[in-house]
Each structure stands twice: as C-alpha cells, then as structure tokens.
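Novice: Please find one structure pasted underneath; my questions will follow.
The values are calculated or read from the model by the stated rules, or taken from the named source; none is laboratory data. Computed from a predicted model, the values in this text were never measured in an experiment. No Cβ is skipped: glycine too gets one built from the backbone with ideal geometry, and neighbour counts run over all protein chains shown. Quick note on the areas: whole protein, heavy atoms, side chains included, nothing else; ligands and nucleic acids left out. Shrake-Rupley method; radii C 1.70, N 1.55, O 1.52, S 1.80 Å.
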Amino acid sequence: MFELTQNKIHDEKRQGEAFASLALSGLGQKKFYIESYGCAMNFADSEVVASILLEKGYGITQNFEQADLILLNTCSIREKAELTVRKRLTEFRKVKKENPGLLVGVLGCMAERLKSKFIEEEKLVDLVVGPDAYRTLPALIEEAETGQKGVNVLLSREETYGDISPIRLNSNGVTAFVSIMRGCNNMCSFCVEPFTRGRERSRDATSIINECKDLFENGFREVTLLGQNVDSYLTNSPSTNGEVVITFANLLEMVAKISPLLRVRFSTSHPKDITDEVLFTMAKYDNICKYIHLPVQSGSTRILQMMNRTYTREWYISKINRIREILPGCGLSTDMITGFCSETEEDHKETLTLMEYCEYELAYMYYYSERPGTLAERIYEDDVPEEIKKRRLQEVIALHRIQSLAGMQKEIGKTAKVLIEGNSKKSDNHWAGRSDNNKVVVFPKTNNNLSKGSYADVVITECTAGTLMGRTPLTP
Ligand code: SF4
C-alpha cells in the first residue's frame with residue numbers, strides 16, 4: 001500500500017519527530033536538537049524557535065547525542081502525551097551524564113501547564129519555556145549556562161511572532177503551515193488550551209501575506225493557515241490606519257489572490273464561528289481547498305452543553321447542511337471524544353448517528369482523558385469506566401472506517417486535481433500528492449512534464465482505506 005502522511009492537525013505519525021534542515025546543519029558552533037509533539041501549531045512553533053536560535057548563531061542537528069541543547073516542544077492535551085515526554089526525558093539522562101554541559105529544555109503546552117514544578121519534578125531539565133516566551137530563549141539559555149535554571153512561562157495578549165520568518169524544518173518544499181493567530185477564548189470544559197496557550201490574538205495580515213508570498217516565490221504551492229480557532233481571526237488593516245477590519249474570510253481571499261497556483265487550506269474551525277462569508281469565499285476561489293475540519297466532539301446536545309461547546313446537535317447538523325449547499329462535495333473531518341463525564345449509551349448512540357449523517361472523510365477519535373485544571377475536572381465527575389470509554393471509542397472507530405472507505409470508493413472513476421508533494425514512500429516510480437479534498441493520491445510517473453510542486457489531473461482507478469491510486473491521462 002502506498003501512503004503519504006496525512007495533512008493532520010494532530011498527526012500521530014509525527015509525534016516526537018526530530019526536526020532538522022540539512023541546509024543548516026553545518027552552521028553554528030553550538031548545536032541544538034528539537035523534537036516536537038502535539039498539534040500542527042506546536043510543529044509550526046518549533047520552526048519559530050529554530051529561527052530564533054539560528055539568528056543567535058546556533059546550528060541544528062538531527063542527532064541528540066551531538067547536541068549542546070536538547071529541546072522538547074510538548075503537548076498537554078492528553079495524559080498519554082505528557083507521559084511520552086516524561087519517558088523521553090529519561091532517555092536523555094545518559095547523554096547528560098557524559099556531557100554535563102548539555103542543556104535540556106522543555107517548551108510548549110506542558111511547560112506552560114507545569115511551570116517551575118517541571119524543574120522540581122525533572123531534575124534533568126534546565127529550561128522551561130511557555131509558548132509565548134520563545135523570544136526570551138537565548139537569554140534563558142545564557143542564564144542556564146551559568147548553572148541557573150531558566151524559566152519563562154508568561155502568557156501574552158500580544159505575542160504572535162508575526163515578524164519572525166520560521167525556518168522550514170523537515171519541509172517537502174511544497175506545503176507549509178502559516179500561523180495566523182494564537183490562543184483560544186473558547187472555554188471548552190475538557191480542554192487545557194486556554195491555560196496553556198492564553199487568550200486569542202490575531203497576527204497582522206500584512207506579515208501573513210508576506211510570508212505566504214515568500215513561500216510561493218520559493219517554490220511552495222500550498223499553505224495551511226493555522227490557528228486554534230481561525231474563524232475568530234480579526235485584525236485592523238494597517239494600510240487604512242486601522243479603519244478597515246479584516247475578517248478570516250477577507251484574509252482567505254487575500255491569500256488566495258497571491259496566485260491561482262497557490263493552494264490554500266486552513267484549520268481549525270469552530271462550528272459556532274464558521275460563517276457563510278467564509279463558505280462563499282471558498283466557493284469563489286478554485287485554489288481554496290474544499291475541505292473543512294469542523295470538530296464536533298459529541299453527537300449529544302446534553303454532552304455538548306456540558307462540554308461548553310455552545311452549539312447543539314441540531315445547530316451542528318444545520319452547519320453541515322449549509323456547507324453541503326454552498327460547497328457540494330466539500331471534504332469534512334472532525335474530532336470526537338467518547339466517554340465524557342456522565343455520557344450514557346443514549347448519548348453515545350447520538351454520536352454514532354451524527355457520524356452516520358456527516359460521513360466524515362477523516363476523524364481524530366479519542367476517549368476522554370481528564371486534564372488537571374480544566375473546568376470539567378473541577379465541576380464534573382469523570383464517572384464513565386475506562387473499559388466503557390474504550391468500547392465506545394472502538395465502535396466510533398469501526399463506523400468511521402466503514403465510512404471513510406466508502407468515501408474513498410466514491411472517488412473511483414472521478415478525476416482529482418493533485419498537487420505533487422514528492423515520491424511515493426513505497427516507490428520512486430510513483431508520485432504522491434493530495435487532492436483538493438485532502439485525499440492522498442498515488443500515480444505512476446509516466447508523464448515527463450510533471451515534477452514535485454506540479455499539479456496533475458489524475459483519474460482515480462482504485463483505492464485502499466487511506467490512499468487513492470490513479471493515472472494521469474498520458475499514463476498508458
Ligand atoms: S495542548 Fe493543544 S495547543 Fe498544546 S500542543 Fe497539544 S494540541 Fe496543541
């Protein structure tokens with residue numbers, strides 16, 4: 001089976017990925033090693049961190065045994081994510097023993113959640129830096145080099161790192177993530193993010209457009225605009241002295257206009273915030289991909305209210321109907337949690353029937369894991385036994401598998417416009433890329449005019465659950 005990593009927002013295959021850029025590996029006397037966990041925003045933040053450190057003369061390595069500084073950019077969304085990081089830290093102990101000058105730093109959401117407690121709990125750690133404090137990293141490193149522990153977990157209402165050009169790490173040279181906002185003002189009762197990422201703030205539109213133009217000029221052909229809640233994007237236009245307000249729909253249009261050859265994706269949308277204006281803008285531009293990640297979390301209105309999602313099952317379904325009306329054929333993906341506090345079999349059935357209705361192409365499915373400090377931890381009892389949470393999750397996964405395979409089969413016989421991202425992982429004689437609606441497509445290299453970054457019209461001939469296979473019209 002051919003496969004290409006899905007363009008996921010929380011991509012399991014990328015957890016713990018060590019970043020490096022070969023072009024930069026020889027630079028700098030001191031070397032840092034960075035490993036990332038969590039969502040795409042965390043991965044994008046690692047690129048900002050790399051940029052800050054390279055600016056200060058550091059080089060980058062993909063081998064932690066050669067590093068002077070090891071950084072783990074962490075995630076707190078589930079207990080399992082935190083345990084993985086704790087386990088990983090123990091593996092650095094031996095290297096630190098052999099090289100006492102080595103510094104170990106913890107960045108990201110886990111750093112923000114645990115603050116200096118981290119240093120007390122993990123003696124090995126020299127630096128604890130929250131997501132809004134990366135500019136202070138060089139000063140904190142200097143402090144740590146003198147034997148002090150460096151901690152900065154201040155959250156900011158302004159920081160967007162808008163002026164920092166991220167260094168593209170592990171890039172395929174075709175697709176890139178661009179942060180457009182940070183933080184989240186929604187207080188979903190199960191989520192740590194308001195405490196780890198702070199309040200919402202939007203990045204200046206000019207710096208976003210400049211970054212996207214720059215990427216396009218450097219050969220990139222797809223940008224994914226990233227934020228915890230992109231539909232809340234709102235800034236004032238600097239060219240009108242702040243008189244004109246720029247919404248997310250306006251921003252999408254501005255990015256789409258850079259070039260018809262630049263594909264635009266975005267994530268994540270909140271069902272309560274995605275507007276008709278956004279949907280009509282998507283319909284207007286061929287290069288805005290017809291694919292929306294619209295996390296629902298549960299199919300039961302009662303559970304949704306306890307989760308503080310601020311919409312009902314009916315409201316969510318009406319949004320799906322509106323998307324299908326304005327954007328026929330638009331791909332949909334979601335997040336789903338099973339076994340939230342007090343969830344009954346009846347609530348669970350409502351989740352299954354909602355999934356049947358929505359026919360998601362992709363779903364990120366988890367069973368509920370209570371996180372310290374969240375509203376749910378404070379006011380609800382985590383009372384669904386783990387085996388029930390897990391059984392319900394299996395039912396949700398089984399249904400999703402059937403639906404996603406059916407979704408893939410529907411593509412057979414159609415022609416997909418594919419942006420080529422590189423060779424297929426399984427064969428250098430095949431290209432791999434993605435369709436407009438975010439499906440991985442693999443096809444033989446029989447058309448000599450194509451290369452990485454080209455678009456190809458591919459007739460889909462067969463599929464597996466994760467990949468479409470096809471041929472270009474010139475393929476015999
Ligand atoms: S806690 Fe949330 S915002 Fe932080 S890395 Fe994990 S998924 Fe991303």
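Novice: Can you tell me the alpha carbon radius of gyration of the chain divided by the globular rule-of-thumb value 2.2 N^0.38 Å?
Specialist: Cα-based Rg divided by the globular estimate yields 0.98.
Novice: Is there a quick way to get the dipole size of the stretch 176-223? I mean about its Cα centre, with the Cβ of Lys and Arg at +1 and of Asp and Glu at -1; what is the value in debye to the nearest 20? Walk me through the numbers on the way to the answer.
Specialist: Numbers: 7 positive and 7 negative charges, 40 e Å.
That gives the stretch 176-223 a dipole magnitude of about 200 debye.
Novice: With contacts defined as alpha carbon pairs under 8 Å and 6 or more residues apart, what's the relative contact order of the chain in percent?
Specialist: Working: 985 pairs, mean separation 54.1, N = 476.
That works out to 11 percent.
Novice: Right, another one. Taking only C-alpha pairs under 8 Å that are 6+ residues apart, what is the relative contact order of the stretch 76-200 in percent?
Specialist: Values: 153 pairs, mean separation 28.7, N = 125.
Relative contact order here is 23 percent.
Novice: Counting only residues 5 or more places away or on other chains, whose amide H sits under 5 Å from the amide H of GLY331 once H atoms are built in the peptide plane?
Specialist: TYR291, ILE292
Novice: Probe radius 1.4 Å, ligands and nucleic acids ignored: give me the carbon and sulfur share of the accessible area of the stretch 62-141 as a rounded percent.
Specialist: Summing carbon and sulfur atoms, their accessible area is 53 percent of the total for the stretch 62-141.
Novice: Here is a follow-up. So for SER298, SER156, what's the accessible-area order with a 1.4 Å probe, most first?
Specialist: I get SER156, SER298, largest accessible area first.
Novice: For GLU120 and ARG378, FRET efficiency with R0 = 30 Å and r from the beta-carbon atoms, rounded to 0.05?
Specialist: 0.80
Novice: If packing is taken as the mean number of other Cβ atoms within 10 Å per residue, what is the order of 193-205, 430-442, 308-320, highest first?
Specialist: Ranked by mean Cβ neighbours within 10 Å, highest first: 430-442, 193-205, 308-320.
Novice: Using a 1.4 angstrom probe on heavy atoms only, work out the carbon and sulfur share of the accessible area of the stretch 329-400 in %.
Specialist: So the carbon and sulfur contribution to the accessible surface is 52 percent.
Novice: Leaving out ligands and nucleic acids, and using a 1.4 Å probe, what accessible area per residue does the stretch 77-155 come to in Å²? Before the final figure, lay out the partial values.
Specialist: Working: 3810 Å² over 79 residues.
Accessible area per residue, the stretch 77-155: 48 Å².
Novice: Let me know the shape class of the stretch 20-114, please: from the alpha-carbon gyration tensor, a ≥ b ≥ c as square roots of the eigenvalues, rounded when a/c is under 1.5, otherwise prolate if a/b is greater than b/c, or oblate. Before the final figure, lay out each step's value.
Specialist: Working: a/c = 2.21, a/b = 1.27, b/c = 1.74.
Oblate shape, in that a/c is at least 1.5 and b/c is the bigger or equal ratio.
Novice: Given charges of +1 on the Cβ of Lys and Arg and -1 on the Cβ of Asp and Glu, with all other atoms neutral, how large is the dipole of the chain about its Cα centre, in debye to the nearest 20?
Specialist: Using only the charged Cβ atoms, the result is roughly 840 debye.
Novice: Got a sec? Charge dipole of the chain, +1 on Cβ for Lys and Arg, -1 for Asp and Glu; which of PHE220, ASN186, TYR360 is way out at the positive end?
Specialist: PHE220
Novice: Kindly state, as a whole number, the per residue volume in cubic angstrom of the convex hull around the alpha carbon atoms of the stretch 313-453. Mind showing how you got there, number by number?
Specialist: Numbers: hull volume 23.3 nm³, N = 141.
Enclosed volume per residue, from the Cα hull, is 165 Å³.
Novice: Further, regarding this structure: Among the complete DSSP H segments of the chain, which ones combine at least 24 Å of alpha-carbon extent along their axis with a mean Kyte-Doolittle hydropathy of -1.0 or more?
Specialist: Details: long enough: 79-98 (31 Å, -1.39); 386-410 (36 Å, -0.64).
Helices meeting the criterion: 386-410.
Novice: Equivalent ellipsoid semi-axes for the stretch 402-474, as square roots of 5 times the alpha carbon gyration tensor eigenvalues: give them largest first, rounded to whole Å.
Specialist: Gyration-tensor ellipsoid for the stretch 402-474: 19, 12, 10 Å.
Novice: Using the heavy atoms of the protein chains and a 1.4 angstrom probe, tell me the accessible area per residue for the stretch 250-332 in square angstrom.
Specialist: 36 Å²
Novice: With +1 on each Lys and Arg Cβ and -1 on each Asp and Glu Cβ, and nothing else charged, work out how big the dipole of the stretch 304-400 is about its Cα centre, in Debye to the nearest 20.
Specialist: Dipole of the stretch 304-400, to the nearest 20 debye: 380 debye.
Novice: A further question on this structure: When the accessible area of the stretch 199-283 is computed with all protein chains present and a 1.4 Å probe, what percentage of it is carbon and sulfur?
Specialist: Ligands and nucleic acids excluded, carbon and sulfur reach 50 percent.
Novice: Let me ask something else about it. Restricting to Cα pairs below 8 Å that are 6+ residues apart, what does the relative contact order work out to for the stretch 312-375? Please round to a whole percent.
Specialist: 43 percent
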